[in-house]
């Protein structure tokens, strides 16, 4: 088992262990870790309220949701420089910084984890009769109009899920992108950003690239998709390959099956000083240093959004092309996220409309035709048209 939840005596919690054993056979290790932490929170909550796991009711789920919405997240170290900006909007990027409390998406994920856990035990007949995480069906019969040619899907939403406001994709403007790229301190960091802004891959997919996954002739990189681990070749910009070549020249000989991205500093972990493969925490540190210098709060996922929005506005690319590059399973996912009106363009057009109205209001009224009285026309039509 890649992850386990331990009891106070140091032994594995058997109900969670059996669930994660089944869950790990169907999902990636990263998902197992996320679900294990969600069940750890649920187990601590049941211990705090004095309820056995197979005796839990919707009341315990409701109270946990209320507690998560009011509590502060535990932190390994107290906030220092970010204490004044937690939960507030950045004036440059106009993005909200994460606060000290649990976000609505975290609460929704917690509910999904607990519901999945009890669905497993109800299915094998060793759990409670009813799932303590109920669904709101609003009085409709489940699968009332089901198409027999399509598979059954879960209907209804979890009752105590908080609403998540829909937000538009976070795009980095061109002038801010130049500042962010200029804040990089090594050819490795420049290569990562240039590669990500051109191929729109996720951060974990970029970090998983090996030497054999780089096609220098056709300027392609092969990534392994986050959801299904499928391999896919993505085109990248010539500029990104220039920075990649400069970085590899500094790194030295690289085996084709070795990761492309390595730490710049050599560290001793008991086997002598040597470089280590770059992980997600090291990549976050690169962005954190740049954000501190620029006063921004950009993330690697902002680069993916920026690349996708650039492609969606290109008339030579279809929406199906964008879907393929992003690796979305459904075309509707790409359309719902990226087929939106650019907010900056809307503001510009509305401002031009208001300015044009002001110009028309300052122009003199046209003369009235012979035989008509201007006052009579104003009463009849409510003022002469401009």
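The values are calculated or read from the model by the stated rules, or taken from the named source; none is laboratory data. Here the structure is a predicted model, which means the values were calculated and not measured. A quick note on method: Cβ atoms are made from the backbone with ideal geometry, for glycine too, and the neighbour counts reach across all protein chains shown.
Among the residues of the range 211-244, those identified as over 24 Å from the mean Cα position of the chain (by Cα), at negative phi and surrounded by 13 or more Cβ atoms within 10 Å (Cβ to Cβ) are 211, 213, 214, 215, 220, 239, 241, 242, 243, 244.
For the range 165-182, the condition holds for at least one residue, the condition being that it is in contact with a helix residue (DSSP H, G or I) (Cβ under 6 Å, 6 or more places away or on another chain), closer than 25 Å to residue 109 by Cβ and modelled with pLDDT of 75 or more.
Here's the yes/no breakdown for (1) outside any helix (DSSP H, G or I); (2) closer than 30 Å to residue 83 by Cβ; (3) modelled with pLDDT of 85 or more; (4) in contact with a helix residue (DSSP H, G or I) (Cβ under 9 Å, 6 or more places away or on another chain):
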| residue | (1), (2), (3), (4) |
| --- | --- |
| 304 | no, yes, yes, yes |
| 317 | yes, no, yes, yes |
| 322 | no, no, yes, yes |
| 341 | yes, no, no, no |
| 344 | no, no, no, no |
| 351 | no, no, yes, no |
| 371 | yes, no, no, no |
| 376 | no, no, no, no |
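Would you check if residue 33 is surrounded by 12 or more Cβ atoms within 10 Å (Cβ to Cβ), touching a strand residue (DSSP E or B) at 6+ places or on another chain (Cβ under 8 Å) and either in the same structural domain as residue 295 (by TED's automatic domain parsing) or not in a loop (DSSP other than H, G, I, E, B) (or both)? Considered against the rule, which asks whether it is surrounded by 12 or more Cβ atoms within 10 Å (Cβ to Cβ), touching a strand residue (DSSP E or B) at 6+ places or on another chain (Cβ under 8 Å) and either in the same structural domain as residue 295 (by TED's automatic domain parsing) or not in a loop (DSSP other than H, G, I, E, B) (or both), residue 33 comes out as no.
Somewhere in the range 120-131, is a residue without any contact (Cβ under 8 Å) to a residue 24 or more places away in the chain, over 30 Å from residue 19 (Cα atoms) and either loosely packed, with under 12 Cβ neighbours inside 10 Å or assigned by TED's automatic domain parsing to the domain that holds residue 32 (or both)? The answer is no, given that none of the residues of the range 120-131 is without any contact (Cβ under 8 Å) to a residue 24 or more places away in the chain, over 30 Å from residue 19 (Cα atoms) and either loosely packed, with under 12 Cβ neighbours inside 10 Å or assigned by TED's automatic domain parsing to the domain that holds residue 32 (or both). Apart from one condition, residue 254 fits all of (1) surrounded by fewer than 13 Cβ atoms within 10 Å (Cβ to Cβ); (2) under 21 Å from residue 188 (Cβ atoms); the exception is (1). Criterion applied to 68, 39 was being surrounded by 13 or more Cβ atoms within 10 Å (Cβ to Cβ), in contact with a strand residue (DSSP E or B) (Cβ under 9 Å, 6 or more places away or on another chain) and in the same structural domain as residue 103 (by TED's automatic domain parsing), and the one residue passing it is 68. Test each condition in (1) more than 21 Å from residue 200 (Cβ to Cβ); (2) in contact (Cβ under 8 Å) with a residue 60 or more places away in the chain for residue 229 and report the one that comes out false. Tallying (1) more than 21 Å from residue 200 (Cβ to Cβ); (2) in contact (Cβ under 8 Å) with a residue 60 or more places away in the chain, residue 229 fails exactly one: (1). Of the helices (runs of 4 or more DSSP H) entirely within the range 146-260, those holding at least 1 residues that are touching a strand residue (DSSP E or B) at 6+ places or on another chain (Cβ under 9 Å) occupy 187-199, 203-207, 238-251. Looking at the range 186-194, is at least one residue assigned by TED's automatic domain parsing to the domain that holds residue 297 and either within 30 Å of residue 65 (Cβ to Cβ) or without any contact (Cβ under 8 Å) to a residue 24 or more places away in the chain (or both)? No.
Under the condition of being in a helix (DSSP H, G or I) and more than 23 Å from the chain's Cα centre (by Cα), which residue from the range 63-96 is farthest from residue 288 (Cα to Cα)? By that ranking, first place goes to 63.
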